Amino acid sequence: MRKRIFIVVGLILLSLAGFWQFALVPHLTERVPAGWHWGTNYIGYQTYLDPKTGKVPEKDAPTTYSQAINIVADSRHPGSVKLDDRYSIHDIASGKVTWEYDYVAAVDPRTGAHLKPEYRGDYFLFPRNVERKTYNLRFSYLKGIPVAFQREEEVVGLAAYLFTYHGRGEYTESYVGTAEYPGVQVKPGQEIKCADDQFAFNTWVEPVTGEILKIEESCLATDYVYEIATGKQLEAVDRWSGETAGNDVVNRVESVSRERTKLVWQTRYIPSGLFVAGLLCFGLGLLPRRLPKNEDA
């Protein structure tokens, strides 16, 4: 009777392990679950062209950067959700908005990848279980840039993957303007990009969750308006650089550490524990019964 109980319990635990792994884990590991949000603040500078001199001043104007990604209300459907990425820069002295851009896109909530056919292979967000390879990032002003894995580093004690890009940076649309930011007007056949392909983007990503911990981005060579057909440099726009603020890095690490721990339990420890316990119970139930020793009369 006891053996039968062990076998039944073992089968139940093994079934639970399978159900957890194949039915619950895909839902629990969605890259964009309900209520998801990402936000960070940067410190840096943005120095615009001085119209009096026709040059970008050598002394940079300190600024604060603010970026937030939220789920668009009522946009979640099976296999699809829209994300709204709002990014702005403020002058520290005046509080005035010196640049602002709002980008909305539909992504796969399971992976964080773009759904538009023309953006196939591009990621709005890094996926869960990040690999040591190159990803094409397309969010905010970034247009599918290939960020390459460099190495593993620690960010405030948490292991992270460093991905980098250095090259062409064209982001004309991001200068169009908003209600608070007048923008930079360009004519048809023109574009705004970083001079000499010196745009730089570095990001540190926690690999289990896929969450970004820290960003460094810049165009130290200055953004210019270019003539697309000839590549002629027409007029300077601004020079800029931003880096995730120190306090924000600490807060991100604390938040992501908690999420990482939860994911590890949900995807590894719990299903593995159920599977091992099921095997033990099943094995105990199949052990042969010990026969009593015969005693001499």
Residue match in the stretch 267-288 (condition: within 21 Å of the chain's Cα centre (by Cα) and either open to solvent by 50 Å² or more (accessible area, probe 1.4 Å) or at pLDDT below 90 (or both)): yes
Close pairs (8 angstrom Cβ cut-off, 6 or more residues apart or separate chains): open to solvent by 10 Å² or more (accessible area, probe 1.4 Å) in the stretch 178-206, polar (S, T, N, Q) and not in a strand (DSSP E or B) anywhere: 186/172; 190/172; 191/172; 193/172
Condition met for residue 101 (touching an Asp or Glu at 6+ places or on another chain (Cβ under 8 Å), part of a strand (DSSP E or B) and either open to solvent by 20 Å² or more (accessible area, probe 1.4 Å) or farther than 17 Å from residue 175 by Cα (or both)): yes
Subset of the stretch 15-68 that is among the charged types (D, E, K, R) and touching a Leu at 6+ places or on another chain (Cβ under 8 Å) - its residue that is surrounded by the most Cβ atoms within 10 Å (Cβ to Cβ): 31
Identity of the residue in the stretch 140-177, open to solvent by 50 Å² or more (accessible area, probe 1.4 Å) and assigned to a loop (DSSP other than H, G, I, E, B), that ends up nearest to residue 229 (Cα to Cα): 168
Single residue of the stretch 72-85 satisfying the filter (among the acidic types (Asp, Glu) and under 15 Å from the mean Cα position of the chain (by Cα)) that is least open to solvent (accessible area, probe 1.4 Å): 85
Hits in the stretch 86-122 - residues which are closer than 24 Å to residue 242 by Cα, over 15 Å from the mean Cα position of the chain (by Cα) and of a type in the set (Asp, Glu): 91, 100, 102
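The values are calculated or read from the model by the stated rules, or taken from the named source; none is laboratory data. What you see is a predicted model; the values in this text were computed from it and never measured. No Cβ is skipped: glycine too gets one built from the backbone with ideal geometry, and neighbour counts run over all protein chains shown. Each accessible area value is taken on the protein alone, full model and side chains, heavy atoms only, with ligands, DNA and RNA left out. Shrake-Rupley method; radii C 1.70, N 1.55, O 1.52, S 1.80 Å.
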